[in-house]
Amino acid sequence: MKELNSCKEAMQNSIENKYFSIAHLYKDEKAMEMHIHDCYEVYFSISGGKQFLIDNKAYNIEPGDLFLINQYDSHYLSQIDKELHERIVIMIHPDFMKQISSDETDLDYCFHSKENGFCHKLSLTQEQQNRFLYFINKIISSNGFGHDLIEKATFTELFVMINSIVKDSLAGESSKTGTYNDQVDSILSYINKNIQSPISISLLAKEFYISESYICRIFKATTGTTINKYMTARRISIAKSLLAEGYGVGEACEKCGFTDYSNFLKAFTKSVGISPKKYSQNCNK
C-alpha cells in the first residue's frame, strides 16, 4: 500500500474505494475548521501537539496518544505547539470495517462504544506503540504477490488489538477524560444537553453569569474554535446520524436544532459536500 502525505487525500481514497488509506504526516496541513467526514479516522500522535476537540470533549495530545473518531464525531485539531507535527492518520470506510468484522468480533466497537468511561483517546504504552507501528509498517511495505491479503490480514490484526485495548480500558475505567477549563466544560455540557433548542451567545452568558465577550474568549482559547462554529458542527453531526437512521430531511433539521430550514441546507451541504437529501439517499440505498 502506498503511504500518503495528505490527510485529505487519504480521506478521499478511503471513501472512493470503500477501503482504508494511511497517511504519515510531518508538518501541519492547512487547519480545518470543526468538521465531520464520512469515514472513520484513527489519529496516532508521534511528536505530540496541543489539543483535540471531539464532540464535547477537549483532549491534550501527547506522544503515543491514539484517537478514535467515527463518521458522526465533529472534531477540530487546534494549533500545534511546535513546527514538527509528526503523526499517522488512518482513514477507513465504515463499510469495509463491517465487511471484515464477524458475528463474534465487531471491529466497529472501538468507534461506536459509548459506555461509561468511554474516551476518544487511548494513551498507548511503549509496547503498544511499537506494536501499532509494526502493523503500519507491514501494511505499507506489502507488495508483490498476495499484498492485498497481507494488507487486509494485518489491518484486521491491528484493529483486534485496538478493540482489545478499548475493552480493557473500559473494564478498568482507566480512560483519561478530556482536560479543559472547568467553565468551558460546563458550557460544552450545557450546549450538548440543549442542542435541539435555540442557543445564543447572550443566552449562554446569562446562564453562566458572565459577559458575552468573556464567554467567547474563554471558549475560543480553550477549544480553538468559536461557539457558533462548534454548535453548527455538532448539529450537522447529529443530522447525519438521524438521516442515516432513516429520518426525513425536515425531521433531521428540526431534531438537530436548526431553526431555519434554508440555513440547515446551506450549512449541511457546505460541511458534508452534498445535500441532506442526497446524503440520506446514499445512506439508505
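Data table
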read-out: Distance cut-off 21 Å, percentage of C-alpha pairs in segment 141-282 lying past it; value: 61 percent
read-out: With 5 Å bins from 0: P(r) over segment 225-285, alpha-carbon pairs, percent; value: 4, 22, 33, 26, 11, 3, 1, 0
read-out: Alpha-carbon Rg/Rh ratio, for the chain, with Rh computed the Kirkwood way; value: 0.97
read-out: Whole-percent carbon and sulfur share, accessible surface of the chain, 1.4 Å; value: 48 percent
read-out: Once exposed loop chymotrypsin sites (Phe, Trp or Tyr not before Pro) are cut out (DSSP; at most 12 other Cβ, 10 Å), longest piece of the chain; value: 27-144
read-out: Of K57/K138; K18/K50; K220/K277; K27/K121; K220/K270; K27/K277, pairs whose Cα-Cα distance is over 27 Å; value: K57/K138; K18/K50; K220/K277; K27/K277
read-out: Net charge over other residues, Cβ less than 10 angstrom from the Cβ of I195 (K, R count +1; D, E count -1); value: +4
read-out: Axial C-alpha extent at least 30 Å, average Kyte-Doolittle at least -1.0 - helices from the chain (DSSP); value: 147-172
read-out: Within the chain, helix-based [θ] at 222 nm, where runs of 4 or more DSSP H residues each add -39,500 (n - 2.57), nearest 500; value: -15000 deg cm²/dmol
read-out: Dipole of the chain, positive end: most advanced residue of L242, G257, L158 [Cβ charges, Cα centre]; value: G257
read-out: Neighbour count of at most 15 Cβ within 10 Å plus DSSP loop: longest GluC sites (Glu not before Pro)-free window in the chain; value: 174-244
read-out: Heavy-atom accessible area per residue - the chain, 1.4 Å, Å²; value: 50 Å²
read-out: Distance histogram in 10 Å bins (all Cα pairs of segment 33-164, percent per bin); value: 11, 41, 37, 10, 1
read-out: Net charge dipole size for the chain [Lys, Arg +1 and Asp, Glu -1 on Cβ; Debye, nearest 20]; value: 800 debye
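The values are calculated or read from the model by the stated rules, or taken from the named source; none is laboratory data. Just so it is clear, the model here is predicted, and its values are computed rather than measured. All Cβ positions, even for glycine, are placed from backbone atoms using ideal geometry, and neighbour counts span all protein chains on display. For accessibility, only protein heavy atoms count, side chains too; no ligands or nucleic acids. Shrake-Rupley method; radii C 1.70, N 1.55, O 1.52, S 1.80 Å.
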